[in-house]
Amino acid sequence: MNLHEMKASTKAEKADFLIKNGKILNVFTKEIIEDSIAITNGMIVGIGDYEANHVIDAQGKYISPGFIDSHVHIESSMVTPSEYARTILPHGVTTVITDPHEIANVLGVEGIQFMLDASNEIPLDVRVMLPSCVPATSLERGGAVLYAEHLEPFISHPRVLGLAEVMDYPAVMNMEKQMIDKIELAHKFQKPIDGHLAGLSKNEINAYSYAGILTDHECTNVEEVIDRLRAGMYVALREGSAARNLKDLLPAVNEGNAHRLMYCTDDKHLDDLISEGSIDYCIRETIAFGVSPLTAYSMATLNPAQCYGLKQKGAIAPGYEANFVFINDLEKVEITDVWCKNDFVVQGKKLNELSIKREQTKLITTSISLGELKQEDLILKSDGQSFANIIEIKPKSIVTNHIVEKIQLIDNQFFADEKENLCKIAVIDRYHAEKELGLAIVKGLNLKEGAIATTIAHDSHQLIVAGMNDEDMMLAIKTIEEMNGGIVVVSNGKVLTKLSLPIGGLISNQFSEEVEASLKLVEKELLKIRPDNSFNAFLTLSFLALPVIPSIKITTKGLFNVCSFQFIPVFIDEK
């Protein structure tokens, strides 16, 4: 308790600020109260009639607690934390709970430290969950390996909340020491643990819940939401760029269970954040579905705060941080202003640029090492088998279908087939000098010609490339190597466009406006080789290397059946 704040609360001293004439969303009682908010030292010291040094007229606007994104990977926006803050603060998000496992998979503890340092002293409150699965599974290798002893030095950091999504479910079920050590580390320091329960059975859900794993953001249907709620978990309804599950999950929401539900964006690209929004989009869609506005706003504020033990966030009441969103239209979530502690960071729908330092971040990079990679390494050859295990894309989903089809081969080699919407895909180790790459066939990417490649390949972030011919695939690979990471579109032996991501091959050091312009150019040039742009090609591609999401994925070691948790050959004798 702060004495100065207490004096302001008792009216022995004037408050610093008084916000009057507002319609306050009380998320405790689910009612709207017309009253004033007294603030001192960035904390709410009272609701009611107070004297203050500065009086602000809310002009009858609704005032909500600042929104909380319960699970996000900032790296997926491809900008630094300060540029990310500039992007989402106008959308009312004042706190994010981030898992830096993307950059940790590339750079290990250096990546975690970079995200902590780069998010320090910005108005967006960035809370960190420590990556639990680097690499995502024991079957992969990436740029780093993190054990409990690597995480422990961070566990007492004031902005570290707990242990991030536990996705290696075989390690949990088999009680492997390295995983159990991390879980026990979180329990030792009484920290929450996030889950990642994609496709898990009831028995596995029980085991996760018993282990103290508190949340899941991987639900794809109503039944999965209910199963996790009944097991005592919180569920984050996800609406990202590739994984868009919100509308499918909203039928699960009711007044009896909504207090255990919240929202997250998980992985959302910068251009989608700018055009569509963040948590504000989730609130808008939830209200449009028919959920009461106060419940929808509670899912964005109080619920995640209570889940993660953020005792001074998520509500407008004495003793809570003064983080507010001013709203003209409650159902449309029409945000006009955002207040963080002691000042407006957004006023009149415009960002206060002075509130965020706009300086380019010091680069941390890794060299891309592809060994003696040659074009011949991209040849996908059968030993006489005529059927193939194929990754089939499900548009706007990170889940894939495992299909088996008869393949037309030339000299026992697979060549991309535009008519059948089949192209070649490769994942190449970019961290180690010795050559290691996996090859497979993907259906439904909609490429007509050329190739696309990127070093954003969840979660180990190897170099991933898909294309209609080996020459363009090789040019894409070499271009990525020259940039030391990024995104590229190639066709007919020419680079159509590229975006450099020098910070670990994931993040740009440019301002958000520049990155947005580059992403628009990528989409424009991509239309030349992929006229059907009904879903995001690069986002979809980046998740084809994630071997913890059903049903079939590809790693540097080859094609992987997630359901049986084993590697499988590309070609087989019969269906």
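Summary table below
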| item | result |
| --- | --- |
| Within the stretch 275-311, considering residues that are more than 30 Å from G212 (Cβ to Cβ), touching a helix residue (DSSP H, G or I) at 6+ places or on another chain (Cβ under 6 Å) and of a type in the set (A, V, I, L, M, F, W, C), the one surrounded by the fewest Cβ atoms within 10 Å (Cβ to Cβ) | F289 |
| Verdict on G319 being surrounded by fewer than 19 Cβ atoms within 10 Å (Cβ to Cβ), assigned by TED's automatic domain parsing to the domain that holds V128, touching a residue at least 12 places away in the same chain (Cβ under 8 Å) and assigned to a loop (DSSP other than H, G, I, E, B) | no |
| Residue ID - surrounded by the most Cβ atoms within 10 Å (Cβ to Cβ), chosen from residues in the stretch 90-112 that are of a type in the set (D, E) and within 29 Å of L302 (Cα to Cα) | E102 |
| Residue within the stretch 467-485 that is more than 25 Å from G444 (Cβ to Cβ) and either of a type in the set (D, E) or assigned to a strand (DSSP E or B) (or both) present | yes |
| Any hit, the stretch 229-236, residues being in a helix (DSSP H, G or I), touching a residue at least 24 places away in the same chain (Cβ under 8 Å) and either out of contact with any Asp or Glu (no Cβ under 9 Å at 6 or more places or on another chain) or assigned by TED's automatic domain parsing to the domain that holds I97 (or both) | yes |
| Residue within the stretch 56-74 that is among the hydroxyl-bearing types (S, T, Y), closer than 22 Å to H217 by Cβ, in contact with a helix residue (DSSP H, G or I) (Cβ under 8 Å, 6 or more places away or on another chain) and buried (at least 23 other Cβ atoms within 10 Å of the Cβ) present | yes |
| Only one of D49, D16 that is more than 20 Å from V338 (Cβ to Cβ) and of a type in the set (D, E) | D49 |
| Hey, I327 touching a residue at least 60 places away in the same chain (Cβ under 8 Å), in contact with a His (Cβ under 8 Å, 6 or more places away or on another chain) and β-branched (V, I, T) or not | no |
| Boolean, V562 is aliphatic (A, V, I, L, M) and either modelled with pLDDT of 95 or more or surrounded by fewer than 18 Cβ atoms within 10 Å (Cβ to Cβ) (or both) | no |
| Wholly enclosed strands (runs of 3 or more DSSP E) of the stretch 335-452 bearing at least 3 residues assigned by TED's automatic domain parsing to the domain that holds I554 and farther than 30 Å from Y62 by Cα | 387-393, 400-406, 422-428, 437-443 |
| Residue in the stretch 501-514 that is more than 20 Å from the chain's Cα centre (by Cα), of a type in the set (S, T, Y) and part of a helix (DSSP H, G or I) present | no |
| Hey, L294 of a type in the set (A, V, I, L, M, F, W, C), over 30 Å from S508 (Cα atoms) and not assigned by TED's automatic domain parsing to the domain that holds I393 or not | yes |
| Any chance K350 is under 30 Å from L539 (Cα atoms), charged (D, E, K, R), out of contact with any His (no Cβ under 6 Å at 6 or more places or on another chain) and surrounded by fewer than 19 Cβ atoms within 10 Å (Cβ to Cβ) | yes |
| Filter pass, S70 being touching a residue at least 12 places away in the same chain (Cβ under 8 Å), part of a strand (DSSP E or B) and touching a Gly at 6+ places or on another chain (Cβ under 8 Å) | no |
| Test: residue in the stretch 145-154 that is surrounded by fewer than 23 Cβ atoms within 10 Å (Cβ to Cβ), within 16 Å of the chain's Cα centre (by Cα), at pLDDT 95 or above and not aliphatic (A, V, I, L, M) | no |
| Residues of the stretch 524-575 that turn out to be among the polar types (S, T, N, Q), outside any strand (DSSP E or B) and either free of Cβ contacts under 8 Å to residues at least 24 places away in the same chain or over 24 Å from E204 (Cβ atoms) (or both), as a count | 7 |
| Hey, K188 of a type in the set (D, E, K, R), over 16 Å from G162 (Cβ atoms) and assigned by TED's automatic domain parsing to the domain that holds P131 or not | no |
| Any chance R260 is out of contact with any helix residue (DSSP H, G or I) (no Cβ under 6 Å at 6 or more places or on another chain), in the same structural domain as R228 (by TED's automatic domain parsing) and modelled with pLDDT of 95 or more | no |
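One line per residue, one yes/no per condition, for (1) crowded, with 16+ Cβ neighbours inside 10 Å; (2) in contact with a helix residue (DSSP H, G or I) (Cβ under 9 Å, 6 or more places away or on another chain); (3) modelled with pLDDT of 95 or more:
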position: P158; (1), (2), (3): no, no, yes
position: I180; (1), (2), (3): no, yes, yes
position: E204; (1), (2), (3): no, yes, yes
position: A242; (1), (2), (3): yes, yes, no
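The values are calculated or read from the model by the stated rules, or taken from the named source; none is laboratory data. What you see is a predicted model, and the numbers here were worked out from it, not measured in a lab. Methodologically, a virtual Cβ is constructed for each residue, glycine included, from the backbone with ideal geometry; neighbour enumeration extends over all protein chains shown.
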